[in-house]
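The values are calculated or read from the model by the stated rules, or taken from the named source; none is laboratory data. No experiment lies behind these values; they were computed from the predicted model shown. We place every Cβ from the backbone using ideal geometry, glycine too, and count neighbours over all the protein chains shown.
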Amino acid sequence: MAQENKTEKATPYRRRKLKQEGNVAKSVEIASSLTVLISSTIMFFTGALIFREVVSFLMAVSGFKPSEFSLLAGTAVRESFTQVVKLLIPFFVVTILVVIAAHVAQFGFIFTLKPLQFKWERLNPVEGIKKMFSLTTLFELSKNTLKALLLFGIALFLLKGSVSLVLGSAQLPLLEGISFLINLLIKVVLILGVIAFLIALLDFAYKKWDYERRIRMTRQEVKEEFKQLEGQPEVRAKIRARMREMAKGRMMAEVPKASVVITNPTHYAIALRYDGERDRAPVVVAKGKGRVAERIVQVAQEHEVPVVRKPELARAIFPVVDVGEEIPPEFYRAVAEVIAFVMFRKRRTYV
């Protein structure tokens, strides 16, 4: 069906189904740029230690005499290698955690093998050629080219101001010169990592927008999905429970507008509203039993709505009058007495 006919947002069920299949909005740029950024940050603080360990190892090995090399080099190599590994292990662990966190932050935790399932259409060369020359591929190629040119230009700009320092490093002692060049390189990579991460955020925003556009549904698809789900018992139960919760919420919002609440006192509670200008008879705005009754009484007390204990009247009205309905004529007299009592008590309070 034409894309322009898909005007409805994807339903939660469709989103959940697509997520189970691994079809989510994601940007690989986020993980790669964040990895470069974090890695260069770690190298900025630990690179000097790793450099010193490597240099110490090389100097120690270069100082051995041929007769001593076979005996002592093994120990030196093991000690230097162990020290370097100790410094690199946290680096690799943090890098792996960053990659995992970058993906989880985009679409949550997903474990599915569906993307790895074999599909015959993947062997179709025609489809492969179509993908190679599609607008999506052209867009990705253009985007990556512009990104590479931008980062290359920024790197040249950063290094241009340090040309004299780089040339001057040749006059420094060997270790100091190498250390200076490494620190300069790490700083450039760190800055490029920040810029690449900002570009990745823009790329993710676009991927999110494009994903929402692609998963949109037609009104007919939404109706068919609703009919399909409506037939499932667990879904019907959830819908009924949700409707009860919504009805109870609306009902509780009407309790502060009630004129009086008649109770059993704890088993039943009925909130009645009577406005002589718009109501022909008292209207039940809320009713309930058990915990709902307790909640109605609590809300009434919080909003200073009178609560009157009338067990027989509460039990009689509860089963025959629904919320939003007027009370039948047979209850006029009893309810009128309650309302008159409430109004009399209010006048005495004000006097």
Checked Ser164, Ser142 against criteria (of a type outside the set (A, V, I, L, M, F, W, C), exposed (fewer than 11 other Cβ atoms within 10 Å of the Cβ), out of contact with any helix residue (DSSP H, G or I) (no Cβ under 7 Å at 6 or more places or on another chain) and at pLDDT below 80); the one match is Ser164
Here the qualifying pairs (Cβ atoms under 9 Å; residues six or more apart or on different chains; first in the range 155-166 and farther than 11 Å from Val188 by Cβ; second at pLDDT 75 or above) come out as Leu165/Leu184; Val166/Leu159; Val166/Leu184
The range 265-351: helices (runs of 4 or more DSSP H) wholly inside it with 3 or more residues that are without any contact (Cβ under 8 Å) to a residue 24 or more places away in the chain and out of contact with any Cys (no Cβ under 7 Å at 6 or more places or on another chain) are 291-302, 332-350
When the range 195-209 is checked residue by residue, the ones that are over 18 Å from the mean Cα position of the chain (by Cα) and surrounded by fewer than 14 Cβ atoms within 10 Å (Cβ to Cβ) are Leu198
Quick count over the range 305-351, residues being aromatic (Phe, Trp, Tyr) and touching a helix residue (DSSP H, G or I) at 6+ places or on another chain (Cβ under 8 Å), is 1
In the range 271-310, anything of a type in the set (Asp, Glu) and more than 38 Å from the chain's Cα centre (by Cα) is listed as Asp275, Glu277, Asp279, Glu304
Could you tell me whether the range 271-281 includes any residue that is surrounded by 12 or more Cβ atoms within 10 Å (Cβ to Cβ) and modelled with pLDDT under 85?
yes
Going through the range 215-234 in order, the residues found to be at pLDDT 80 or above and surrounded by 13 or more Cβ atoms within 10 Å (Cβ to Cβ) are Ile215, Arg216, Met217, Thr218, Glu221, Val222
